[in-house]
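Enquirer: I am attaching a structure below and will ask some questions about it afterwards.
Only the coordinates and a few stated rules stand behind these numbers; no lab work does. Everything quoted here is computed from the prediction, not taken from an experiment. Positions of Cβ are generated from backbone atoms using ideal geometry, with glycine treated the same way; all protein chains shown enter the neighbour counts.
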Amino acid sequence: DQEKALEYVKSLIRPFPDFPQPGILFRDICPVLKDCNALRTVTDLITEHLQAKFLDIDAIVGLDARGFLFGPIVAMNLDKAFIPVRKTGKLPGPTIKVSSTKEYGKDVLEMQADAIEKGQKVIILDDLLATGGTLQAACQLVREAGGEVLECVLLVELEDLKGKDKVPAPCHSLVKF
Ligand code: PRP
Ligand code: ADE
Ligand code: MG
């Protein structure tokens with residue numbers, strides 16, 4: 001069943017102390033990608049969650065880089081658009097940018113100015129919620145583009161860091177540490 005499948009996925013996620021810097025316990029999701037049954041479990045469960053909860057989604061917004069590993073699969077399952085948010089300097093044409101702070105650094109996130117049409121309803125998808133700084137910035141980007149964030153969806157949530165408190169949209173995660 002679903003609970004067993006998620007327990008299995010959780011067991012695959014490996015902790016690496018002091019990566020990428022001292023004091024950080026890095027949760028490595030690569031084994032979930034290596035196991036196609038686990039990848040299918042994760043993307044199917046996210047798809048089913050979104051189908052059950054939301055009647056009209058216009059797009060899945062995925063975050064560079066690890067959000068790109070799951071986002072297009074979910075978007076295809078739902079027959080919806082996939083929109084990439086990238087680290088700055090990668091997207092051509094007019095863009096909008098927001099700076100972000102994460103557990104172990106800072107970024108500038110960027111989206112093409114014409115990616116979202118006014119009033120579109122989107123889901124933001126990423127692999128992991130830590131401090132919430134990345135999702136906070138992504139929500140701001142979507143709103144500046146005229147879109148509405150229905151929910152942020154994560155494979156993993158690091159509950160001790162209370163990232164949800166910082167994110168100005170509901171968050172849904174499959175696996176919690
Ligand atoms: C990681 C992770 C999330 C973010 C979460 O991205 O994939 O996007 O940190 O941290 P926060 O909740 O503290 O903001 P990172 O940019 O480190 O790596 P990636 O390019 O591999 O996604
Ligand atoms: N991104 C931010 N914090 C992280 C962590 N502890 N493990 C994996 N990815 C992360
Ligand atoms: Mg990331």
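Enquirer: How many of the residues making up segment 65-87 are without any contact (Cβ under 8 Å) to a residue 60 or more places away in the chain, within 11 Å of ligand 1 (Cβ to nearest atom) and either small (G, A, S) or farther than 15 Å from L154 by Cβ (or both)?
Expert: Residues meeting the conditions: 3.
Enquirer: Can you confirm whether K90 is under 23 Å from Q136 (Cα atoms), out of contact with any strand residue (DSSP E or B) (no Cβ under 9 Å at 6 or more places or on another chain) and within 14 Å of ligand 1 (Cβ to nearest atom)?
Expert: no
Enquirer: Right, something else. Filter segment 67-87 down to residues that are in a strand (DSSP E or B) and buried (at least 22 other Cβ atoms within 10 Å of the Cβ) and give me whichever is nearest to ligand 3 (Cβ to nearest atom).
Expert: V85
Enquirer: Identify all residues within segment 108-140 that are of a type in the set (D, E) and farther than 23 Å from E159 by Cβ; write none if there are none.
Expert: Scanning segment 108-140 gives E110, D114, E117.
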